Every structure is written in structure tokens, then in C-alpha cells.
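Engineer: My questions all concern the structure below.
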Amino acid sequence: MSAEVRAAPPPGWPEWVDQDDFEVKDGRDPIGLETITTDRIVPLLVPGVLALSTRARYFSFHLFLLDEFARRRLGPTRENQSIFFRTREFEYSAAVLLCPRCGPTAAPVGAQSLRGIVRRGKAKGEIARGFSVDSDFGGYGLYYRSPLRDLGLVHQRDTVVGEETLPVDVLTGPRAKKIAAAFRRAIERTTYYRRYFLGEQPIPVAVLREVAEAACLCRLTESPEEARLVRGALFDDVEGLKPDDVLRRREAFALRLQLADAEPGVLTDEAAFRRSVWAALERHVDDGTRLSETVQRWAALYGKEYYQESLRILWGEVNWFGRERCPADGLAPHTFFAMMRDELGAGSLDIGGTELLVARDEPTNDVLHRVRATVGSWPLEELRALALDSGTCVAALVLLLSLYDRLRTVERLPVDSAWYEIALEGGGNQPGLAAFVAQLRHHLADEPAVGDTLVWLARRFIVAAHDRIASSKLPDFTFRFRLEAGRLRFYTKPGVDFGLADSRHPALATLGQDMGLWHDGADTAVITVKGRALVKAAFG
Ligand SMILES: [Zn+2]
């Protein structure tokens, strides 16, 4: 959402700026925490999987399209290849929406605009040709091209191979060709492949339904050889791929399957997975196994997310308080922080029926001990939900102190452990988990009162961080507040909310199910023989 400045300058708009030069924008990641997950941690934990590369059969389908493009000797230009992809994707997506099993709730590439087309096509008995998503190379370009490149299956155009600069994307070699051929075997006898694959005539609905029955996204496991090859593409050690990338991918899938034995919900519910990972950290931190290392890495990611959630609550409070209480010409920062200390530094939180009362002049270390006693073995995940629900500074502080307290679990781990591989990852504007904890320890050593800790957090990790980040985004105006001529001024736009960055949980869920690592049983998820084999390969 953006607004024209000329039409609606935000209240408190600084007078020194030429309003024509700026545009008010939401500005994502206003305190610089999501980027640590998105740009630093996730590429280490789940290399080669994007948030929206969610269906395993698209890996083989797109390799098949590249192979067909080459075999049919279509003019090797970027435009031709893009059109070829977007038309074939349109047809395949229409087929998926006609799948008797997936039905209209399926979400193939471009589904949003296709649903209406398919509905009208059903009434007419045929569907006119069209294009999938309006973007270069359609869904392939958006979601699958870079994963397929990272998996060593696709050379992108402009790559130099031998003497030649490639004019279009091509398969890298026999491994990719085998996967393409496996998809072709699934559809080669369909009328669509024999008579409608190229061309411009409308396609009968019955012809597309036949494609769905032969090769829908939901039926990869019905082509066992193709499914085996797709699993191999993600999990096999192959020359040319970084061994660590292959290991991390295997472990990401295997950890979910391993923890699903005790709690099947972890496969689809990320909150359950976060809770289960932290419980596993406490069980396995010291046992020196590969499982322990994987648990350490994922727990470090989620520890960082709990720290972020606590600051997110505080961010909301700072904005709300500033908008409510600051006059239009702002306040000196020390006045603002003194008001925050007085008015927000005390309160209570109901933790499972026990009221935890916090006073602003109480030593933070005392609160830390009372949090330990009150929270007990409550999962951090429950505390997170409770804190978000409450949304107060005291709730943010309780979540943060409880996280800090539980990090005693990893105190004995050496600095070259798997935990620190992830916990040391930070961003340009905010510390990572390990550095934040070190700063908090240093702060607590000065025996601060609760109100001092609140101000320390707000000043350093909310106000200074946001001012720095928004300044770096000029001329886009993303300030929710700004230090101007020594005064802190708040703006009523844009909105303030943000959330956890995607850490690939939904993608890993559908990819794992598509590849036959698990399936939905009568009332619970069932891990298959293939899934158990992957767990064994990852953790022994
Ligand atoms: Zn289907």
C-alpha cells in the first residue's frame, strides 16, 4: 500500500523535505529482523528451496518443458522460451484444477486467474489457450528456475558452456534428462501430448482431465521412478553440488519426519514444529549426534524468532504509545523514554492461571528468577502465543527473559558447534541471537530495574534501529517515527505490523508429501518407508 505524498502528507511530515521527492511506503522489516532469517539463516538451513517452490512435480514438469523446447527445435530466443513456458504452464494448471482429487481448491501456478476460466470452460466443454502468471517465464521463472539451477539441473541462459554463451535455459546433462523423460512417460500416451501440446486450438476439457489423471501435481508417487528421481535431485550427493547443501536439505526434511513420530502435527503446523524442536534441544543438546546438530541449527533459528517476536511486541507498543502521547511537534527522546518507563514499565501477565506481577523499579534479575519459577517447563511457543495475545511491554519482557533463561541449555556448546553456525548470523542493523544475548547479559550485569531494561531495549533495538533503517531507504519514506532536530516525532501512517519471515515450513510440508515421504492417514500423518529411509540416511 502506498500513498501519494502530495495528496496526503502524513501528519508530522518534516518541513525541510520537498514533498515531490518522496513517496510514503509501508517499508517491510521496519526494525531489520526479518532479513536475518530470510537472507542469512534460511539459505543455510534449506538451500535450493524457495518459499513458493512448493510442489515437487513442478521440478520434473519444468525439466520436461526445457527438454521439449530443445527437442522441438523452437527458435532459441528468450521470448520464445518464455511464451512456451507460460502457455504450457497455463494448460497444466488448468489440468490440475480439473483433477478429480485436487479439485478447485488446488493452487497450481496462476490458479487465481485460472479458476474462473476453468469454471467457464467446463460449461463450454473446452478451454481457449492462454498464459500463466504475467511474469517472465511464468512460475518457472518465479519459483523453480533458481532452485533447479542450485540443484545442478539447469543452465540458465547467458551461462558460458565450453565456447558457447547459452541463448536460452537448457538441461545440464543426463541427470536432468532422465527426470524430464520420467515426466514425459507419465503423459506420453495422453491425447494432450499427442495432439494438443503445441498449437492454438482450444483444448477439450476431457483432454485436460486426462492429463490430470496421468500426471497431476498430487500423483507424483503414482510414477515411482519419477518420484525416486525427484527425491534424488534434492537428496543425493552428486558431483558439482556442495556436499553441505545436500546434507542440510536431507536434514531439514528428516528432522520433521523424526519429530513427527512423537507429534505428527509438526509436519504441517509450524508452531508445533517450533515447540518440538525446542523440546528436542533440551533432550539432545549434548549427545554429539547428527540429530543433535540439526536440532541445534533449527532451535537457533527459532530462538532468533522468539527474540524477534519479543521485539515485535515492543515495536508495536512504542508506536502505539508514541502516536497516542506525542504532540505534533514531537518530544525530546529522554522525555518520551521517561514516560514509557513510568507508564509501561509495570504490569502483569497471567501465565496458566498464575499472575506474574512486575513493578517498574524491581530489579530485572529478580523478574528473571520469578519468570523461571512461574513459567517452569512451559514451552516457549506457548509463552510466545500468550505474549502476542497480551501485547504489552511486560509480556514482551517475560518472553525475552524466559528465552534468555532457557539459553542456559546451550551454554556448554563450543563456538564451532552447529548452534553457533546459526546463532551468530546477524544483520546489518540488528544483532543475531548470540550477539543479542551477549548484549543482554552485559546489560543485566549492571543490575538494572525493569523500567531501565525496557528503555534500554526500546532505545537501542527499536528507535535507533528503525531510524537507521528508514533513513537508508530514502527517498522512499518508511518512517513510523523519526528523530528530527533532537525531537522524536511519530507519524500515523503507514501501518506498523510485521511478522515472522517464511522459513520454508509450508514448502517442506507439501514437497515431502508430494515425494511420498509421508501421507495423510485416517486421522494422523503416516511416515512412509521412503520417509524412514531418509531419516536413517540423515541421522543414522
Ligand atoms: Zn491432483
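Engineer: Does region 93-132 hold any residues that are of a type in the set (G, A, S) and over 32 Å from the mean Cα position of the chain (by Cα), and which are they?
Structural biologist: Selection gives G121, A123, G125, A128.
Engineer: For region 50-70, does any single residue satisfy the condition of being surrounded by 18 or more Cβ atoms within 10 Å (Cβ to Cβ), modelled with pLDDT under 95 and either away from the ligand (no atom under 16 Å from the Cβ) or part of a helix (DSSP H, G or I) (or both)?
Structural biologist: Yes, there is a match, as at least one residue in region 50-70 is surrounded by 18 or more Cβ atoms within 10 Å (Cβ to Cβ), modelled with pLDDT under 95 and either away from the ligand (no atom under 16 Å from the Cβ) or part of a helix (DSSP H, G or I) (or both).
Engineer: Now for a separate question. Suppose we filter V238, V230 for residues that are in a helix (DSSP H, G or I) and among the β-branched types (V, I, T); which single one remains?
Structural biologist: Criteria check complete, one pass: V230.
Engineer: Considering every residue within region 164-177, establish whether at least one is of a type in the set (D, E, K, R), assigned to a helix (DSSP H, G or I) and under 32 Å from the mean Cα position of the chain (by Cα).
Structural biologist: Yes, the conditions are met somewhere in region 164-177.
Engineer: Quick check on region 146-179: of everything there that is closer than 21 Å to V246 by Cβ and of a type in the set (A, V, I, L, M), which residue is surrounded by the fewest Cβ atoms within 10 Å (Cβ to Cβ)?
Structural biologist: Filtering first and then ranking leaves L171.
Engineer: Separate question: Going by the conditions given, is F197 surrounded by fewer than 18 Cβ atoms within 10 Å (Cβ to Cβ), within 21 Å of V109 (Cα to Cα) and among the aromatic types (F, W, Y)?
Structural biologist: Judged against the criteria, F197 is a match.
Engineer: Filter region 467-514 down to residues that are assigned to a helix (DSSP H, G or I) and more than 24 Å from V42 (Cβ to Cβ) and give me whichever is modelled with the highest pLDDT.
Structural biologist: D467
Engineer: Could you pull out the residue among R532, R468 that is of a type in the set (K, R) and not assigned by TED's automatic domain parsing to the domain that holds Q308?
Structural biologist: When all the criteria are applied, what remains is R532.
Engineer: Among the residues of region 343-381, what is the count of those that are in contact (Cβ under 8 Å) with a residue 12 or more places away in the chain, under 24 Å from T409 (Cα atoms), of a type in the set (A, V, I, L, M, F, W, C) and not in a strand (DSSP E or B)?
Structural biologist: 6
Engineer: Further question on the same structure: Check L229, L217 and return the single one that is buried (at least 19 other Cβ atoms within 10 Å of the Cβ) and either at pLDDT below 95 or within 16 Å of the ligand (Cβ to nearest atom) (or both).
Structural biologist: Of the residues listed, the single one that is buried (at least 19 other Cβ atoms within 10 Å of the Cβ) and either at pLDDT below 95 or within 16 Å of the ligand (Cβ to nearest atom) (or both) is L217.
Engineer: Which residues, taken from region 440-471, are over 20 Å from P333 (Cβ atoms) and exposed (fewer than 15 other Cβ atoms within 10 Å of the Cβ)?
Structural biologist: Within region 440-471, R441, H442, A445, D446, E447 meet the criteria.
Engineer: Pick out the one residue from I179, I203 that is in contact with a Phe, Trp or Tyr (Cβ under 6 Å, 6 or more places away or on another chain), more than 16 Å from the ligand (Cβ to nearest atom) and modelled with pLDDT of 95 or more.
Structural biologist: I203
Engineer: Something else about it: For region 71-82, indicate whether the set of residues that are assigned to a helix (DSSP H, G or I), away from the ligand (no atom under 16 Å from the Cβ), at pLDDT 95 or above and buried (at least 18 other Cβ atoms within 10 Å of the Cβ) is non-empty.
Structural biologist: Yes, region 71-82 has at least one match.
Engineer: For region 398-411, indicate whether the set of residues that are without any contact (Cβ under 8 Å) to a residue 24 or more places away in the chain, within 30 Å of the chain's Cα centre (by Cα) and more than 20 Å from G499 (Cα to Cα) is non-empty.
Structural biologist: yes
Engineer: Output the residue which, of all residues in region 84-106 that are surrounded by fewer than 21 Cβ atoms within 10 Å (Cβ to Cβ) and without any contact (Cβ under 8 Å) to a residue 24 or more places away in the chain, is nearest to the ligand (Cβ to nearest atom).
Structural biologist: Across region 84-106, the extreme among qualifying residues is G103.
Engineer: Let me ask another. Exactly one of these conditions fails for A262: (1) in contact with a Ser or Thr (Cβ under 9 Å, 6 or more places away or on another chain); (2) touching a residue at least 40 places away in the same chain (Cβ under 8 Å); (3) not in a helix (DSSP H, G or I). Give me its number.
Structural biologist: All conditions pass for A262, except number (2).
Engineer: Do we have any residue at all in region 200-212 that's of a type in the set (S, T, N, Q) and not assigned by TED's automatic domain parsing to the domain that holds R120?
Structural biologist: There is no residue in region 200-212 that is of a type in the set (S, T, N, Q) and not assigned by TED's automatic domain parsing to the domain that holds R120.
Engineer: Same structure, new question: Scan region 216-227 for residues that are outside any helix (DSSP H, G or I) and in contact (Cβ under 8 Å) with a residue 60 or more places away in the chain and report the count.
Structural biologist: Number satisfying all stated conditions: 1.
Engineer: Looking only at region 394-422, count every residue that is under 20 Å from A373 (Cβ atoms) and among the aliphatic types (A, V, I, L, M) and tell me the total.
Structural biologist: 10
The values are calculated or read from the model by the stated rules, or taken from the named source; none is laboratory data. Here the structure is a predicted model, which is why all the values come from computation and not from measurement. In this analysis, Cβ positions are derived from the backbone assuming ideal geometry, glycine residues included, and neighbour counts consider all displayed protein chains.
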